[in-house]
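A.B. asks: Sending over a structure as structure tokens; questions will come in a sec.
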Amino acid sequence: MEKLLFLFCAERGVNHYDFFPHRFGCFSVLSYLDKRVLAQQGYLINTDEFTLRRGKSLLKQLHEDDRAFLRAFAERTRNLRSDALVRHTYVKYPHYACRSEITTRILTADERKAIEALQANSYEQCIFTIGYEGLTIDAYINKLITHSVTLVVDVRRNPLSKKYGFSKTLFKSYLDKARISYEHIPELGIASSQRHNLDTQEDYNRLFERYAETALPLCDAELARISRMLNTYRRVALTCFEAEAASCHRHKITERMSQSKHWNCPIVHIQ
């Protein structure tokens, strides 16, 4: 069902769900969350499978064009099941097969090489920054995997979020599922008490300059720790909330690290 849901979203051109490459291909955390809700509300038989209870079909409630597309999609994919469905998905969308544990059974040697080629730069050392503003947890993880990130360093002072999946405990668990390590360095965060009355970019600029001048010089041990982790993990992403690096203190962290006379690592701000 996860493969069919992925194909439906891709072919419909509407990301009802975002997906990331997982151990058996495309996967959506939020689809499984919704499945539990649907089971609790009585639409599905249980939380272990996508089976509707009798009399619960909502097909007639869809808009006419959505209903027509769904019927056509069901007809196109009616014979795609099991390995044939997985293979179809992997060949058409190879990025989502890059973490799969079953490619040797599903794909030919040449097809596997094509997927491996997508990860050509995966071992080159690089430090990234990324914010989760505007992203689902699935889209966020997909961006990390696209850039072959192996470690996320959370530089929030308080790693709590109203956005599902980004508070520390759950956040770490989802990264673990994606085989991405997690570290939290609260000392590099900015206290919430300093984030009042930030109405313009100039307000943010003054905050970040003050942070760079007064807080970061006291964090040499934490910055050295990131450097050590970079040597170990090779591809490390500093993360916070804001989508734009210039609107977040994380760009000041990488700026200070790059001022080291021995620094020779590229810095990429993921959009």
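Since every read-out is calculated from the coordinates, none of them should be taken as a lab result. Owing to the predicted nature of the structure, the values given are computational and were not obtained by experimental measurement. Heads up, the Cβs are rebuilt from the backbone with ideal geometry, glycines too, and the neighbour counts pull from every protein chain shown.
A.B. asks: Starting from the Cα gyration tensor of the range 126-269, take the square roots of the eigenvalues, sort them a ≥ b ≥ c, and report rounded, prolate or oblate (rounded when a/c is under 1.5, otherwise prolate if a/b is larger than b/c, else oblate).
C.D. replies: oblate
A.B. asks: Could you put SER161, SER260, SER100 in order, starting from the residue whose Cβ has the fewest other Cβ atoms within 10 Å?
C.D. replies: SER260, SER161, SER100
A.B. asks: 5 Å is the cut-off here: which amide hydrogens, built 1.01 Å from N in the peptide plane, fall below it relative to LEU44, excluding neighbours closer than 5 in sequence?
C.D. replies: For LEU44, whose amide H was placed from the backbone, the distant partners under 5 Å are ALA39, ARG53.
A.B. asks: Kindly express, to the nearest 10 degrees and within the range 0 to 90, the angle between helix 168-177's C-alpha long axis and the longest C-alpha principal axis of the chain.
C.D. replies: Helix 168-177 sits roughly 60 degrees off the main axis of the chain.
A.B. asks: Quick one: angle between helix 29-40 and the longest Cα principal axis of the chain, in degrees between 0 and 90, rounded to 10, please.
C.D. replies: 50
A.B. asks: Under the rule of -39500 (n - 2.57) per DSSP H run of 4 or more residues, summed and divided by the residues of the chain, what mean residue ellipticity at 222 nm is obtained, to the nearest 500 deg cm²/dmol?
C.D. replies: Details: 11 runs with 113 residues, N = 271.
After summing the helix terms and dividing by residue count, I get -12500 deg cm²/dmol.
A.B. asks: Hey, another quick one. Would you work out which of THR239, HIS262, ILE141 lies farthest towards the positive end of the dipole of the range 126-269? Charges go on Cβ: Lys and Arg +1, Asp and Glu -1.
C.D. replies: ILE141
A.B. asks: Between ARG76 and ALA117, what is the label-point separation in nm under the 7 Å Cα-to-beta-carbon projection?
C.D. replies: With each label point 7 Å from Cα toward Cβ, the separation is 2.6 nm.
A.B. asks: What order do you get for 134-143, 33-42 when each peptide is scored by the mean count of other beta carbon atoms within 10 Å, highest first? Spell out each step's value before the answer.
C.D. replies: On the way: 134-143: 20.8, 33-42: 13.3.
Packing order, densest peptide first, comes out as 134-143, 33-42.
A.B. asks: With r defined as the distance between the Cβ atoms of LEU4 and ALA191 and R0 fixed at 41 Å, what FRET efficiency is calculated, to the nearest 0.05?
C.D. replies: Here the calculated transfer efficiency is 0.30.
A.B. asks: While we're on this one: Counting Lys +1, Arg +1, Asp -1, Glu -1, what net charge surrounds ARG105 among other residues with beta carbon under 14 Å of its beta carbon?
C.D. replies: Surrounding charge for ARG105 is 0.
A.B. asks: Among ILE127, ILE45, ILE226, determine the one that fluctuates most according to a GNM of the chain built with springs between C-alpha atoms less than 10 Å apart.
C.D. replies: The residue that fluctuates most here is ILE45.
A.B. asks: Quick one: order CYS265, CYS26, CYS240 by neighbouring beta-carbon count within 10 Å, fewest to most.
C.D. replies: Sorted ascending by nearby Cβ count, the order is CYS265, CYS240, CYS26.
A.B. asks: In addition: Please report the net charge: other residues with Cβ closer than 14 Å to the Cβ of ALA178, K and R +1, D and E -1. Please report the intermediate quantities before stating the final value.
C.D. replies: Numbers: positive: ARG23, ARG99, LYS143, LYS172, LYS177, ARG179, ARG235; negative: ASP18, GLU101, ASP138, ASP176.
Net local charge, ALA178 excluded: +3.
A.B. asks: Relative contact order, percent, of the chain when contacts are C-alpha pairs under 8 Å separated by at least 6 residues?
C.D. replies: Worked out over the chain, it gives 22 percent.
A.B. asks: Straight-line reach only, C-alpha to C-alpha below 15 angstrom: list the aspartates and glutamates that LYS113 could link to, leaving out same-chain residues fewer than 8 apart.
C.D. replies: The qualifying aspartates and glutamates are GLU101.
A.B. asks: Here's another thing I want to ask about it. Could you list ARG78, ARG99, ARG23, ARG112 in order of exposure, starting from the residue whose Cβ has the fewest other Cβ atoms within 10 Å?
C.D. replies: ARG78, ARG23, ARG112, ARG99
A.B. asks: Here is a follow-up. For the range 71-115 and the range 27-60, what is the centre-to-centre distance using only Cα atoms, to the nearest Å?
C.D. replies: If we compute the Cα centre of each part, the gap is 24 Å.
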